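Comments concern the structure below.
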Amino acid sequence: MALERTCRLLIAMAMTSSLPAQDEAAKKFAEMRKQSSEESNKYREAGGKPGDPRDPALKWAEVFWKFREEYRGTSVAAQATATALNWLRHADQDKEVLARAEKLPLDDPAWDRAISGVSFSAKNTGEYDRFLRLAESLLSRSKDGKLRAIVYSTMGRSWLDRDRPQEAKAAFESAIRESPGSDTAKAAERSIYEITTLAIGKPAPQFAARTIDGRPISLADFRGKVVLLNVWATW
Amino acid sequence: MVVSVSIDTDVQVLRDTVARRQFNWPQICDGKGADTEIARLYNAGASTFYVVDRDGKIAGTLRTAKGLEKIERLVEKLVNTP
């Protein structure tokens, strides 16, 4: 009885003594994110070009990568890994992103956050098959439905980028099967809607709205004209 | 013909940006953000382009800010085809 109680006390002590370390890591990570965003925004607003040696994105990619190594095993380490790769991509270092992704262990907890960034880099270099190989390796290894859904849905978007809607649809259907009802599944459903209803040659969905000047506007107004519809945000 | 739909939630910010950048084509924004009807109809997030031909059919799409030349070429081709 006494031994059991001592054990429980020791476990409780061990748990509480690791909590401050997690908090410290989380705090440091939040600080880094804030600072890196500020520096990068300032650089870009001043006309700085991505990947120039003075691009803070390059420095921050390494800072986040070191953080990943220093705080290995914590939940923020996974976030730091994905963040590091995002900063590399932001600095147009897509080949480096792919190289590091190919060295990342398949059981690394960063994959659910990192895989979509890796697919963007593969798209940027035109090396879609490098991304596909990674995705297939992850699928052959992981049984985690949530991760599998994310991988399938990222594959789906990649197929869409390559104008392969049939393969894309199949991938999105797999994503839904792996994690039904999840946000990933819902996005996959919207993507399937896009493939079936918004395909080239299909009628552009009608809309009737008002411009910010208060004038009524509808797509039908422009029949006979070529229309470039652009959805955007100021941010 | 360019039509822009903004998924900004603050319509005033959008107005200010449009005025400052002197965009002189129709701007739609109802402040509903990404839930706005047109964004849902076109499954569109920030920086999505759809090219609609003279018959109202979808002729092309682009989902990032990179690769705009592809869209420019498509629009030119469609505009120059009677």
Express the carbon and sulfur contribution to the solvent-accessible surface of the stretch A:181-235 as a percent, rounded to the nearest whole number, probe 1.4 angstrom.
-> 56 percent
Sum -39500 (n - 2.57) across every DSSP H segment of at least 4 residues in chain A, then divide by the residue count to get the 222 nm mean residue ellipticity, nearest 500.
-> -23000 deg cm²/dmol
Taking both sides together, what accessible area is buried at the A/B interface, probe 1.4 Å, expressed in Å² and rounded to the nearest 100?
-> 4100 Å²
Considering Cα pairs under 8 angstrom that are at least six residues apart, work out the relative contact order of chain B and quote it in whole percent.
-> 23 percent
So what is log10(I(q)/I(0)) for chain B at q = 0.23, 0.24 1/Å, when the Debye sum runs over its Cα atoms only?
-> -1.21, -1.26
Computed over chain A: relative contact order in percent, which uses C-alpha pairs under 8 Å that are six or more apart | 10 percent
What's the angle, to the nearest 10 degrees (0 to 90), between helix A:165-178's Cα axis and the longest principal axis of chain A?
-> 40 degrees
State in Å² the accessible area per residue of the protein assembly as shown; use a 1.4 Å probe, count heavy atoms of protein chains only, and round to the nearest integer.
-> 56 Å²
Going toward the positive end of the dipole of chain A, with +1 on Lys and Arg Cβ and -1 on Asp and Glu Cβ, which of A:145, A:80, A:227 do you reach last?
-> A:227
Can you work out D for the stretch A:40-187 in µm² s⁻¹ from Stokes-Einstein, where Rh is the Kirkwood radius over C-alpha pairs, the temperature is 20 °C and the viscosity is 1.002 mPa s?
-> 135 µm²/s
What is the mean projected area of the alpha carbon convex hull for the protein assembly as shown, to one decimal in square nanometres?
-> 20.6 nm²
Which distance in Å, rounded to a whole number, links the C-alpha centroids of the stretch B:16-82 and the stretch A:37-104?
-> 31 Å
Among A:66/B:70; A:42/B:77; A:49/A:146; A:66/A:95; A:28/A:186; A:28/A:49, the pairs whose Cα-Cα distance exceeds 31 Å are A:66/B:70; A:42/B:77; A:49/A:146; A:28/A:186
Size descriptor, Kirkwood hydrodynamic radius, that averages inverse alpha-carbon separations across the stretch A:129-235, Å | 16.0 Å
Filtering chymotrypsin sites (Phe, Trp or Tyr not before Pro) in chain B by DSSP loop and by at most 13 other Cβ atoms within 10 Å leaves B:23
Which aspartates and glutamates have a Cα less than 20 Å from the Cα of residue A:103, not counting those fewer than 8 places away in the same chain?
-> A:62, A:69, A:70, A:92, A:94, A:112, A:127, A:129, A:136
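The values are calculated or read from the model by the stated rules, or taken from the named source; none is laboratory data. Because the structure is a prediction, the values reported are computed rather than measured. Reconstructed Cβ throughout: ideal geometry from the backbone, glycine too, with neighbour counts over all protein chains shown. Keep in mind that these areas ignore ligands, DNA and RNA; they rest on the heavy atoms of the full protein, side chains included. Shrake-Rupley method; radii C 1.70, N 1.55, O 1.52, S 1.80 Å.
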